[in-house]
Structures are given as structure tokens and as C-alpha cells.
1. Please give the FRET efficiency for Thr16 paired with Glu124, using the beta carbon to beta carbon distance and R0 = 45 Å, rounded to the nearest 0.05.
2. If you consider only alpha-carbon coordinates, what radius of gyration and Dmax does the chain have, in Å?
3. Build a GNM of the chain with springs between Cα atoms under 10 Å: which of Leu73, Leu164, Leu215 gets the top mean-square fluctuation?
4. Roughly how many percent of the accessible protein surface of segment 1-83 is carbon and sulfur, given a 1.4 Å probe and a whole-percent answer?
5. So who's got an amide H within less than 5 Å of the one on Lys13, skipping anything under 5 residues away but keeping other chains? H placed 1.01 Å off N, in plane.
6. Please tell me the relative contact order of the chain in percent, rounded to the nearest whole number, where contacts are Cα pairs under 8 Å and at least six residues apart.
7. For the chain, what is the accessible area per residue in Å² when the probe is 1.4 Å?
8. Which whole-number percent is the relative contact order of segment 75-149 (Cα, under 8 Å, 6+ apart)?
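The values are calculated or read from the model by the stated rules, or taken from the named source; none is laboratory data. The structure presented is a predicted model; accordingly, all values stated were derived computationally and were not measured. All Cβ positions, even for glycine, are placed from backbone atoms using ideal geometry, and neighbour counts span all protein chains on display. Each accessible area value is taken on the protein alone, full model and side chains, heavy atoms only, with ligands, DNA and RNA left out. Shrake-Rupley method; radii C 1.70, N 1.55, O 1.52, S 1.80 Å.
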Amino acid sequence: MCELFAFSSKKPKDLTDALTRFYARSVDQPNGWGLAEYDDEGRMCMHKGPERAVDSIVLPRLIGEGIPRKRVLGHIRLATVGSINVNNCHPFVAYDGTGREWTLIHNGTVFNSAALIRYYKQQEGETDSERLLLYLMDLIDEKTRRVGHPLNKDERFDVIQSMLASMADRNKLNLFLYDGEQFYVHANNAPAMLYYLEDTTPGDEALLFATNPYLEGDWKEVPKTRLLAFSDGVFTREGVNHHIMFHSDYYRIMLEPTHPEMDFSFL
């Protein structure tokens, strides 16, 4: 399975060890990697490649310089949908109609995906994850047209929450989104496959997320089947529980012995 990494903090922190040890896990997730970092204005610097992270020439230089970081998304890929190339590596980036930049990383597969079919010819790669992000952009734009102004963070939260609740049936949606202002996290997998470490020291708050606990510390499960928002190392909002779990047994049945690409040449 793919693995996710996310970090948000009040103050910049040295993540060299945490990132190095995260990307070392790519021995078992060999189909690509991505790293996105954000400055205080929400601007992104992103690098990714289709090779194993441990084989990357670029990645050690990116994470080995001890640069303090406040906002980071990371991904290592085990391909289930889409070929092995850089266009299918996470993170994925898209823009809504107001020019707001959105970033997505996803661990999962979208099996029940009728709403996403229209995006096969729009996307740059082949993954269901990229299609999910493009679908969200259309929903954001539709809501923006209805209300007549750019959406504030609560309105954006509501659109994402509604989309995930409507898509959760038979779909594994462990993911992070970043909209330049705040992060969003959602998990609906059974058993748990998303955890976090929290530093609640006043003035030094931080949240670190990973698919598997791989550092020492008091890891907690991300609450399932609901959307959460966080910013500057603090959870800021918890959404309504939609109660729709994805069970790993279903995932294994669908992917064994192989998961061939569907033919959408008729579109």
C-alpha cells in the first residue's frame, strides 16, 4: 500500500530524521515518491519521481540539509491504478476557479467511481487519486458560483466533507488535502491505517501524521469516517461522522491476483 506523511507546526522544526526514516520505507513501496513543502504564504515547492525513494539522487539532498519546516506533505507509492511514471506520483496539484492551489496525497483505491469517469481525458496521469482532486475542484467551483464569492475555509470544509461522505461507499479514502490556508485529513479504513503524533506544548504545537507509526512516541489513531482540519500544529475543526468504513478484505478481493486498467477508450 502507499504510505502518507504530513506535518504541521507552529514553529519551523528540523524534520531530517523523520523524513529520512519515512522515505526509507519505500523499499516496500517502490513505485514513486513525492515531497511538497509550503512557506508562510502557502506557496508550494514540490519534487517527485517514479523511482523508489531510496534510489532517488535528488531526495537525500532535499531532506538532508536540516532545513526547518512548518508544513509538509510526503508520499511513497505502491501502484494499484496507473503505470509507473512521474505523472502518477503524488502529490497531485489542481486549481479551482478562483486560482486557489490545492494539493492531494491519497492512500487507497476508488472502486465505486462513476462520478469520476468524466475526468479520464482531463487528467495528466492515470490515477483515481488525481481524478478525485479534479472532481473536488468542480464541486468547489459549483459552490462558489452558487454563493457568489470565493469560499471561506468553513465553506471549503463543508464541500470536502460532503464529497467524501458521498464517495466513501466501497472506496478507501485515507488522504490529506492542503488549500494554501489549512490542511484536511480523512481516514475510513479498517483496520486503522493513519496515525498521528501531537505536541501540545504552548507556542510549540505540532502534528505529525503517518500511515504506520514508525517513530518512537505516543501515536494515536486518526478519528475515522469524518473530515478533520488542522493548521499550525493544531486541529481546528472536526466534521460530521458519516460512519462509512472501507474494509481491507474487500480491497484484497478486488486486487487479487491483479488489478488491470479499465478501458475507457470509448469516452
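1. Working: r = 31 Å, r/R0 = 0.69.
Rounded to the nearest 0.05, the efficiency is 0.90.
2. When restricted to Cα atoms, the chain yields Rg and Dmax of 17.5, 57 Å.
3. Leu215
4. Working: 1840 of 3510 Å².
Whole-percent figure for carbon plus sulfur exposure: 53.
5. So Lys13 has HN proximity to Arg69, Lys70.
6. Numbers: 559 pairs, mean separation 55.0, N = 267.
This gives 21 percent for the chain.
7. On the way: 11850 Å² over 267 residues.
Value for the chain: 44 Å² per residue.
8. Working: 77 pairs, mean separation 24.1, N = 75.
Averaging sequence separation for qualifying contacts and normalising by length gives 32 percent for segment 75-149.
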